[in-house]
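The values are calculated or read from the model by the stated rules, or taken from the named source; none is laboratory data. Everything quoted here is computed from the prediction, not taken from an experiment. Neighbour counts run over all protein chains shown; Cβ positions are idealised from the backbone, glycine included. Ligands, DNA and RNA are excluded from the accessible area calculation, which covers all protein heavy atoms including side chains. Shrake-Rupley method; radii C 1.70, N 1.55, O 1.52, S 1.80 Å.
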Amino acid sequence: TYIVVKNRLVALPDGLMFLVPTKLIPTALTRLFSLKTKVRMGLELLHPPRPSGLADEAVATMVERHFGQEAVDRLADPLLSGIFGGDASQLSARTVLPRLVEMESEYGSLTRGMLAAHRKMRARMKEAAKKNGAANGNGQARTNSSQAARAIFTSLRGGMQQLVDALVARLDPGSVRCSTPVSGLEKIADGWRVEAGGASEIYNAVIVASPAWAAGVLLGQVDAALSEELSAIPYSSSITVNLIYDEAKLGRLPDGFGFLVPASEGRTMLACTFVHRKFLGRTPPGKAVLRAFLGGMNNEALLAETDEALVETVRRELASILGEGVIGLAVEPEHTRVSRWRRAMAQYAVGHQERMGRITARVAALPGLRLAGNAYDGIGIPDCIR
């Protein structure tokens, strides 16, 4: 993965564990950081432990304290924008980076904490290998050749729609009501009254799996305090622009999966993924798919732009970043697709855990009610499933 720095693609250095550099030479040689920041990263090993139990703070504040503002601008902000569609100066360190908060309390230095965690992980792997070897009866671990190395990025082979299709296949068709908006919820003595599609029915329990802002509206007449807490969870919007090319007409793309664009670069794009490399089998042979991401907390106005304007902006910025020789404006995409996701990305703002404590307490007082979704305890689908 690359970061755009002064209109050049700079690869993330080897040994970077999310936001923490753990290898001296790659960090010293990278063009991602200035000499001043590299010195700051070396001195970070001396950082004293921070008392536990202090008030929550923004990720940007935590990263700046350890590695400096440049690390916030060129690393934390683009990485977190790519995951949360948010701003490192607004996101909660305790919620988004809980392990790093624990490491800071125990070790002081995040680098020392990450190295210690890495050593513990290797020790566990060695112990597991010894046990595996003993079980095989030959005193050494054997590798199962049928198990290929897991890819860095994993998804469902047929796309995320497979998840929905598999769930639908296991449900009674008569119990599924598509295109039937729920207009009201009411807690009654023996369950819940649900108003939907002009009809009223009673159920034992309700799982509200809508975005928090919609859940807040539905629960407004049930618990005003709960509704207010849910409605206060901020959201950002996202736009994806997919461009499909004949690969033979493109110049050589950089080796890798794509790049992230720091806000400090002043561009519209937040990131671009080379989809045909990231998830094998998603594209026909000979086709290249570039997926650009736009939007975020500070660019809601982009939602009002036309598809043509957004495609033109992305093509212009790709040509500038990758070079005219790779993907110039003269190279026309065979197909384009723009998707807008309004208020789709929940933002874990500073104080999110305290808000979740209040939400959990209110929900516990309403038997039969459950909340599910990306607004609460994890932004990704694996987090929501857990």
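The table below gives the values:
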quantity	calculated
Residues of region 13-52 that turn out to be in contact (Cβ under 8 Å) with a residue 60 or more places away in the chain and among the aliphatic types (A, V, I, L, M), as a count	6
Test: residue 300 is farther than 21 Å from residue 11 by Cα, touching a residue at least 60 places away in the same chain (Cβ under 8 Å) and of a type outside the set (A, V, I, L, M, F, W, C)	yes
Residue check, residue 215 hydrophobic (A, V, I, L, M, F, W, C), within 29 Å of residue 236 (Cα to Cα) and open to solvent by 50 Å² or more (accessible area, probe 1.4 Å)	no
Considering residues of region 230-269 that are among the small types (Gly, Ala, Ser) and open to solvent by less than 20 Å² (accessible area, probe 1.4 Å) only, the residue farthest from the chain's Cα centre (by Cα)	258
Failed item in (1) at pLDDT below 95; (2) in a loop (DSSP other than H, G, I, E, B), with residue 233 passing the rest	(1)
Top-ranked residue of region 271-297 - restricted to ones that are farther than 27 Å from residue 8 by Cα and not small (Gly, Ala, Ser), ranked as modelled with the highest pLDDT	285
Meets criteria (within 30 Å of residue 288 (Cα to Cα) and surrounded by 12 or more Cβ atoms within 10 Å (Cβ to Cβ)) for residue 183	no
Qualifying positions in region 76-112 - among the hydroxyl-bearing types (Ser, Thr, Tyr) and over 17 Å from residue 353 (Cα atoms)	81, 105, 107, 109, 111
Positions within region 53-91 being of a type in the set (A, V, I, L, M) and crowded, with 21+ Cβ neighbours inside 10 Å, in sequence order	59, 60, 62, 63, 71, 72, 75, 76, 79, 80, 88, 91
Members of region 327-350 that are in contact with a Pro (Cβ under 8 Å, 6 or more places away or on another chain) and either assigned to a helix (DSSP H, G or I) or of a type in the set (D, E, K, R) (or both)	343
Number of the condition not met by residue 315 [criteria: (1) part of a helix (DSSP H, G or I); (2) within 25 Å of the chain's Cα centre (by Cα); (3) closer than 26 Å to residue 4 by Cβ; (4) at pLDDT below 95]	(4)
Total residues in region 351-386, condition open to solvent by less than 70 Å² (accessible area, probe 1.4 Å) and assigned to a loop (DSSP other than H, G, I, E, B)	11
Failed item, numbered, when residue 221 is tested on (1) at pLDDT 90 or above; (2) under 31 Å from the mean Cα position of the chain (by Cα)	(2)
Residue satisfying all of: in region 128-169; under 25 Å from residue 1 (Cβ atoms) and of a type in the set (Ser, Thr, Tyr); modelled with the highest pLDDT among these	155
Some residue of region 348-359 being over 19 Å from the mean Cα position of the chain (by Cα) and farther than 25 Å from residue 87 by Cα	no
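To keep it simple, each residue is scored yes or no on (1) closer than 20 Å to residue 264 by Cα; (2) in a helix (DSSP H, G or I); (3) touching a Ser or Thr at 6+ places or on another chain (Cβ under 9 Å).
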position: 25; (1), (2), (3): no, yes, no
position: 41; (1), (2), (3): no, yes, yes
position: 51; (1), (2), (3): no, no, yes
position: 62; (1), (2), (3): yes, yes, no
position: 70; (1), (2), (3): yes, yes, yes
position: 73; (1), (2), (3): yes, yes, yes
